[in-house]
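Colleague: Dropping the structure in here first, questions after.
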Amino acid sequence: KSLALGQGQAPLATRLMAEQAKTGGWVFLANCHLMLSWLPKLEKLIDDLPAQKPHDNFRIWLSSTPHEKFPIAILQQGIKMTTEPPTGLKSNLIRLYNLMTDQRFNHPKYPELYRPLLFSLCFYHSVLLERRKFGALGMAIPYDFNDSDWEVSENILQLYLDEMPDGSTASIPWDTIKYLIAEASYGGRVTDDWDRRTLGVYAAQYFHPDCVTISSHKLSTHEEYFIPSLDGTMISYKEYIMTLPVIDPPDAFGQHSNADIASQITNSMALLDTLITINSALLRAASVGGGGGGGGGGEGG
């Protein structure tokens with residue numbers, strides 16, 4: 001049984017846990033970060049479970065975004081799994097193509113137009129995700145673009161291409177496609193004018209007649225990023241993606257090399273801060289343990 005937590009869901013979650021503890025079912029409570037005030041109660045319910053002698057097959061699954069107020073005791077009693085989006089243009093591109101089925105990839109009315117523009121869309125999505133690593137140099141505000149933005153844009157792309165009267169490049173409604181993708185689908189999350197302008201500039205570059213008329217049309221100043229002129233199969237596109245660099249050069253995003261240096265410095269400082277925090281916690285724990293041991297020895301003497 002699954003339940004998305006939110007306002008007023010606490011009684012239902014409590015009842016669901018009690019029922020499944022008796023029958024041996026599994027309970028999945030999603031979005032725990034939306035009910036932080038109820039989590040201490042959940043912690044107590046979990047602590048009381050052994051006294052209730054629940055069914056051996058009973059399990060509780062919790063999902064949450066990281067939050068400092070999430071009870072540590074719950075984390076200590078469970079098995080923790082984390083999921084993070086892939087980093088880098090190569091990883092993001094291959095992930096998006098793995099979301100596509102062969103049936104959908106081969107379905108469009110004009111595949112010779114759809115497939116290059118699909119690659120442009122995947123590249124567009126990946127670039128927007130990766131620009132966040134440049135901080136304020138990438139986006140004034142970090143936005144959580146996700147797969148739903150890409151899926152809506154892909155539907156827009158396929159819909160307008162399928163409704164074309166013929167397969168000519170002149171029949172493609174470029175302005176409509178760019179507006180719906182950059183201003184509506186992705187732009188619906190954007191609140192900063194300069195960020196909206198950035199989305200529009202990328203859309204003008206990636207959704208252009210040259211994308212479907214020029215062989216190996218470049219998507220950046222870096223020579224390795226272009227729309228592959230292949231046989232049009234899903235496998236061939238994935239094989240090309242696997243040849244891309246693992247570490248993205250800054251000019252793949254239209255950024256200066258100094259922006260990449262600033263990004264690496266920020267990541268390094270974040271790593272060092274984390275290591276210092278962990279080391280400080282370990283030192284405090286060792287100090288407490290050592291102090292207790294020393295006191296016991298003196299008392300015995």
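The values are calculated or read from the model by the stated rules, or taken from the named source; none is laboratory data. Remember, predicted model here, so these are calculated numbers, not experimental data. Positions of Cβ are generated from backbone atoms using ideal geometry, with glycine treated the same way; all protein chains shown enter the neighbour counts. Remember, those area values only see protein heavy atoms, side chains included, never the ligands or the DNA or RNA. Shrake-Rupley method; radii C 1.70, N 1.55, O 1.52, S 1.80 Å.
Colleague: Could you give me the ³J(HN,Hα) list for region 35-50, computed from phi with Karplus coefficients 6.51, -1.76, 1.60 and θ = phi - 60°, whole Hz, x at Gly and Pro?
Modeller: Karplus values, whole Hz, x for Gly and Pro: 10, 4, 5, 8, 4, x, 5, 4, 4, 5, 4, 5, 5, 7, 4, x.
Colleague: Take peptides 141-154, 175-188 and line them up by average Cβ neighbours within 10 Å, highest first, as a rough protection proxy.
Modeller: In descending order of packing, they fall as 175-188, 141-154.
Colleague: Expressed as an acute angle from 0 to 90° and rounded to the nearest 10, what is the orientation of the C-alpha long axis of helix 111-130 relative to the principal long axis of the chain?
Modeller: Result, in degrees: 40.
Colleague: Give me the log10 of I(q) over I(0) for region 111-218 at q = 0.11, 0.18 Å⁻¹, as the Debye formula computes it from C-alpha points; what are the numbers?
Modeller: Debye output, listed in q order: -0.33, -0.85.
Colleague: Using a 1.4 angstrom probe with every protein chain in place, what is the largest-first accessible-area order of Asp210, Asp193?
Modeller: Descending accessible area places them as Asp193, Asp210.
Colleague: Compute the long axis of helix 257-300 from its Cα atoms, compare it with the longest principal axis of the Cα atoms of the chain, and write down the angle in degrees, 0 to 90, nearest 10.
Modeller: Once rounded, one gets 10 degrees.
Colleague: Using only Cα atoms, tell me the angle between helix 10-23 and the longest principal axis of the chain; keep it within 0 to 90° and round to the nearest 10.
Modeller: 70 degrees
Colleague: In whole percent, what relative contact order does region 1-88 give with Cα contacts below 8 Å and a gap of six or more residues?
Modeller: 33 percent
Colleague: Tell me the carbon and sulfur percent of the accessible area for the chain, rounded to whole percent, probe radius 1.4 Å.
Modeller: So the carbon and sulfur contribution to the accessible surface is 57 percent.
Colleague: What ranking do 201-208, 35-42 get when scored by the average of other Cβ atoms within 10 Å per residue, highest first?
Modeller: Per-residue Cβ counts within 10 Å, averaged per peptide and sorted highest first, yield 201-208, 35-42.
Colleague: Can I ask one more? Hey, got a sec? Which GluC sites (Glu not before Pro) in region 47-139 land in a DSSP loop and have at most 14 other Cβ atoms within 10 Å?
Modeller: Glu68
Colleague: Pull up all non-local amide H partners of Trp61: gap of 5 or more, or a different chain, and H-to-H distance under 5 Å with H placed in the peptide plane.
Modeller: Val27, Phe28, Leu29
Colleague: With 31 Å as the limit, write out which pairs from Lys69/Lys178; Lys69/Lys238; Lys1/Lys53; Lys1/Lys178 have Cα-Cα distances beyond it, or answer none.
Modeller: Table pairs above 31 Å Cα-Cα are Lys69/Lys178; Lys69/Lys238; Lys1/Lys178.
Colleague: I need the Kirkwood Rh of the chain: take the reciprocal of the average 1/r across all distinct C-alpha pairs and report it in angstrom.
Modeller: Averaging 1/r across every pair of different Cα atoms and inverting gives 23.5 Å.
Colleague: Leaving out ligands and nucleic acids, and using a 1.4 Å probe, what accessible area per residue does region 46-133 come to in Å²?
Modeller: Each residue of region 46-133 exposes 59 Å² on average to a 1.4 Å probe.
Colleague: Run down the aspartates and glutamates and flag those whose C-alpha is under 19 Å from the C-alpha of Lys109, throwing out any fewer than 8 positions away in its chain.
Modeller: Straight-distance partners of Lys109: Glu151, Glu154, Asp162, Glu163, Asp166, Asp231.
Colleague: May I pose another question? Pull out a ≥ b ≥ c, the square roots of the eigenvalues of the alpha-carbon gyration tensor of region 1-48, then state rounded if a/c is under 1.5, prolate if not and a/b is larger than b/c, and oblate in the remaining case.
Modeller: Oblate is the answer for region 1-48, as a/c is 1.5 or above yet b/c matches or exceeds a/b.
Colleague: Quote the relative contact order of the chain in percent (integer), defining contacts as alpha-carbon pairs under 8 Å separated by 6+ residues.
Modeller: Reported as a whole number, the value is 14 percent.
Colleague: Now a separate question. Based on alpha-carbon centroids, what's the gap between region 146-163 and region 49-92 in Å, whole number please?
Modeller: Using only Cα atoms, the two centres lie 33 Å from each other.
Colleague: Starting from the Cα of Lys90, draw a straight line to each of the aspartates and glutamates and keep only those under 13 Å, dropping any in the same chain fewer than 8 residues away.
Modeller: Here the aspartates and glutamates satisfying the reach criterion relative to Lys90 are Glu130, Glu224, Glu239, Asp248.
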